[in-house]
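Enquirer: I have a structure I would like to understand better, so I am pasting it below and will then ask my questions one at a time.
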Amino acid sequence: MRYPDGGGLSAEQRKRREEVRMRAASLFEEGVEIPLIARELRVSEKSVYQWRRTWRTGGREALRSKGPCGYDCRLGPHLQARLAVWLEEGPAAHGWADDQVWTASRVRTLIGRKFHISYSVSGVTRLLHRMGYSVQMPARPAAERDEEAVAAWREVTWQEVKAAGRQPGRGSASRTKRA
């Protein structure tokens, strides 16, 4: 599952988990036993043992949330803003004159040319998604589309090329029984 901030938990979920760990730290200070803490906080004993070990070495501060997990984006906010401006200019402004479509591959090339940073194509799609861009569908069908030809193809050609379904007949759901 993907999360809006790049991975792991949302800010609210991280805060809630941190509050649980802080409550555990208070119980550690009171000398409450591990099984009782786990039961009260509704977490595993293993987690409580780990938190206690961390608490003993670094105190309450060591139990604080360290923020979202995952890698930081190689393009910071100011570079993303520059990239957005270049994307608004269109592909023709950057050397792709054959059509006015940005593809992930083209954006990858643009990032490499302008920032000297290498991204994979899938990394570019994730970056664009984080920036608020999405896959675009055409606003209207192509002018060249012939609806009558499409309907005729569906009626005749498709019926000939589509795979035949399973033949009706007796069968059994059991692998060991004969039908």
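Enquirer: Among what's in the range 25-67 and is within 18 Å of Lys15 (Cβ to Cβ), within 30 Å of the chain's Cα centre (by Cα) and of a type in the set (D, E, K, R), pick the residue that is surrounded by the most Cβ atoms within 10 Å (Cβ to Cβ).
Expert: By that ranking, first place goes to Arg64.
Enquirer: Also, quick follow-up: How many residues does the range 113-125 hold that are surrounded by fewer than 15 Cβ atoms within 10 Å (Cβ to Cβ) and part of a helix (DSSP H, G or I)? Lay out the reasoning, then the answer.
Expert: First pass over the range 113-125, keeping only residues surrounded by fewer than 15 Cβ atoms within 10 Å (Cβ to Cβ): 113-118, 120-122.
Restricting the remaining residues to those that are part of a helix (DSSP H, G or I) gives 113-115, 121-122.
Residues in the range 113-125 being surrounded by fewer than 15 Cβ atoms within 10 Å (Cβ to Cβ) and part of a helix (DSSP H, G or I): 5 in total.
Enquirer: Turning to a different aspect of this structure: Tally the residues that are surrounded by 15 or more Cβ atoms within 10 Å (Cβ to Cβ) and closer than 23 Å to Asp72 by Cα, restricting the search to the range 84-112. Explain how you work it out, then say what you get.
Expert: At the first step, the residues of the range 84-112 found to be surrounded by 15 or more Cβ atoms within 10 Å (Cβ to Cβ) are 86-87, 91, 94, 96, 102, 104, 106-111.
Checking which are closer than 23 Å to Asp72 by Cα leaves us with 86-87, 104, 106-111.
Adding up the residues that qualify gives 9.
Enquirer: Go through the residues of the range 68-87 one by one and say whether even a single one is over 21 Å from the mean Cα position of the chain (by Cα) and part of a loop (DSSP other than H, G, I, E, B).
Expert: Checked the range 68-87: no residue is over 21 Å from the mean Cα position of the chain (by Cα) and part of a loop (DSSP other than H, G, I, E, B).
Here's the yes/no breakdown for (1) in a helix (DSSP H, G or I); (2) closer than 21 Å to Gly95 by Cβ; (3) touching a residue at least 24 places away in the same chain (Cβ under 8 Å):
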residue: Ile111; (1), (2), (3): yes, yes, yes
residue: Leu127; (1), (2), (3): yes, yes, yes
residue: Ser134; (1), (2), (3): no, no, no
residue: Ala142; (1), (2), (3): no, no, no
residue: Arg145; (1), (2), (3): no, no, no
residue: Glu148; (1), (2), (3): yes, no, no
residue: Ala151; (1), (2), (3): yes, no, no
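Enquirer: Kindly provide the set of residues from the range 15-26 that are under 12 Å from Leu63 (Cβ atoms), touching a residue at least 12 places away in the same chain (Cβ under 8 Å) and out of contact with any Phe, Trp or Tyr (no Cβ under 6 Å at 6 or more places or on another chain), ordered by number.
Expert: Arg17, Glu18, Val20, Met22, Arg23
Throughout, read-outs are computed from the coordinates displayed, never taken from laboratory work. Computed from a predicted structure; not experimentally measured. Please note: Cβ atoms are built from the backbone with ideal geometry, for glycine as well, and neighbour counts cover all protein chains shown.
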